[in-house]
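A.B. asks: The following block contains the structure, expressed as C-alpha cells.
The values are calculated or read from the model by the stated rules, or taken from the named source; none is laboratory data. These numbers come from a predicted model, not from an experiment. Neighbour counts run over all protein chains shown; Cβ positions are idealised from the backbone, glycine included.
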C-alpha cells in the first residue's frame, strides 16, 4: 500500500544496490595495511620503545652509568655463574653496570642518528631544490660539488672532518655537536641528488607551469608546490640515513674520535671491551647486539614506510 505524498514534495526512486564488496571502514584499511607490513610495524613499536627508554633513561636505568665499584668489576650476567640480580647484564672493568650504560648509550646513538639526519637533510634539500630549479649555472656548480664529494668514501670523509674539528662540545651529556655536524656535512650530497632529480621531474608538470603563468614567485613555487611532492623519497631516505649515522657514530667512538668520554656510548663500550673480548664475552656482545638490532629495526621500518608511501602498493 502506498501513501500519497503532500503537494509540492517530490520523491526520487532509489536505485537498486549494486552487489559487491562493502567498502572497508578507514580503521580496517589501516589495520589491514599494518598487518601486511607487520615486520615494519613491529620494528616501529620497538623503535618507539627504544626512544622512550632513551628519553627517560634517568628514571629507567638502575645505576649511574658513570660510577662503578671495583669490588663488582667484571661481574657476569645474571644467568652466568657468579652473576646476580643486582647487575642483570653484568659489569665492566671498573664495576659500572652494563645495562645502565646501554640505556644511556641509546641516547647518544639516537641523538646522533636523528640530529645528523636533520643537518644533512636541511643542507641537501636546500641545495637540491636550488640545483634543480634555479638554473643551469647553479645546477652545474652544485652538481660538481656533489660529484666530487661522492667520490670520497663517506667514512673517510667523516674521519677527515672529525680529525680537523675534533669531538668538540657535548650538550646535556649526550649530544656531541661536532660529531653531528660532521656526519651531516659528510652526507648531504645524497639528499641533494635525490631532491634534484625530483625537482627536474616536477618542474615541467602542469601545476607548476600554471603557477608560473599566474605570476607566483619562484620561492613560493618551490616551498608550496615542489617541496611537498619530494617528501616521500626524503622520508624513506632519512630512515636509511639514521641507521647509517648510528653505525658511523659507534665506529668513531670505537676509534676514540666520536663522543668523548666519560659519556657512555655503544661504540666506546665496544672499545673498552677489546682486551676482554675472548674471556668476558658479555662486554662486547651487548653493545654489539644493541647496534645490530637497532639498525636492523630502522632499516625494516624504512622498507615498510617505503611500501606504505608507495601509491601502487597502497591499493593492493
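A.B. asks: How many residues does the stretch 123-137 hold that are out of contact with any helix residue (DSSP H, G or I) (no Cβ under 6 Å at 6 or more places or on another chain) and either in contact (Cβ under 8 Å) with a residue 24 or more places away in the chain or buried (at least 20 other Cβ atoms within 10 Å of the Cβ) (or both)?
C.D. replies: Counting residues in the stretch 123-137 that are out of contact with any helix residue (DSSP H, G or I) (no Cβ under 6 Å at 6 or more places or on another chain) and either in contact (Cβ under 8 Å) with a residue 24 or more places away in the chain or buried (at least 20 other Cβ atoms within 10 Å of the Cβ) (or both) gives 1.
A.B. asks: On to the next question. How about the stretch 171-220: which of its residues are within 30 Å of residue 58 (Cα to Cα) and touching a helix residue (DSSP H, G or I) at 6+ places or on another chain (Cβ under 7 Å)?
C.D. replies: The answer is 171, 174, 175, 176, 178, 179, 180, 181, 182, 183, 184.
A.B. asks: Looking at the stretch 280-295, can you tell me whether even one residue there is touching a strand residue (DSSP E or B) at 6+ places or on another chain (Cβ under 7 Å) and at negative phi?
C.D. replies: Scanning the stretch 280-295, I find no residue that is touching a strand residue (DSSP E or B) at 6+ places or on another chain (Cβ under 7 Å) and at negative phi, so the answer is no.
A.B. asks: Out of 89, 42, report the one residue that is surrounded by 13 or more Cβ atoms within 10 Å (Cβ to Cβ), in a loop (DSSP other than H, G, I, E, B), modelled with pLDDT of 80 or more and out of contact with any strand residue (DSSP E or B) (no Cβ under 7 Å at 6 or more places or on another chain).
C.D. replies: 89 is the lone residue from the list that is surrounded by 13 or more Cβ atoms within 10 Å (Cβ to Cβ), in a loop (DSSP other than H, G, I, E, B), modelled with pLDDT of 80 or more and out of contact with any strand residue (DSSP E or B) (no Cβ under 7 Å at 6 or more places or on another chain).
A.B. asks: Could you figure out which of (1) touching a residue at least 60 places away in the same chain (Cβ under 8 Å); (2) more than 16 Å from the chain's Cα centre (by Cα) isn't true of residue 115?
C.D. replies: It is condition (2) that residue 115 fails.
A.B. asks: How do the pairs read when you match residues in the stretch 68-95 that are on the phi > 0 side of the Ramachandran plot and touching a residue at least 60 places away in the same chain (Cβ under 8 Å) with residues anywhere that are in a strand (DSSP E or B) and surrounded by 13 or more Cβ atoms within 10 Å (Cβ to Cβ), using Cβ under 7 Å and keeping only pairs 6 or more apart or on different chains?
C.D. replies: Within 7 Å, the pairs are 74/91.
A.B. asks: Would the stretch 307-314 turn up any residue that is modelled with pLDDT of 85 or more and assigned to a helix (DSSP H, G or I)?
C.D. replies: So far as the stretch 307-314 goes, no, none of its residues is modelled with pLDDT of 85 or more and assigned to a helix (DSSP H, G or I).
A.B. asks: Let me ask you something else. Quick one: how many residues across the stretch 223-277 are without any contact (Cβ under 8 Å) to a residue 40 or more places away in the chain and either touching a strand residue (DSSP E or B) at 6+ places or on another chain (Cβ under 8 Å) or under 30 Å from residue 200 (Cα atoms) (or both)?
C.D. replies: Qualifying residue count, the stretch 223-277: 7.
A.B. asks: Which of (1) under 22 Å from the mean Cα position of the chain (by Cα); (2) assigned to a helix (DSSP H, G or I); (3) under 20 Å from residue 175 (Cα atoms) is the odd one out, the single condition residue 259 does not satisfy?
C.D. replies: Checking residue 259 against (1) under 22 Å from the mean Cα position of the chain (by Cα); (2) assigned to a helix (DSSP H, G or I); (3) under 20 Å from residue 175 (Cα atoms), the one that fails is (2).
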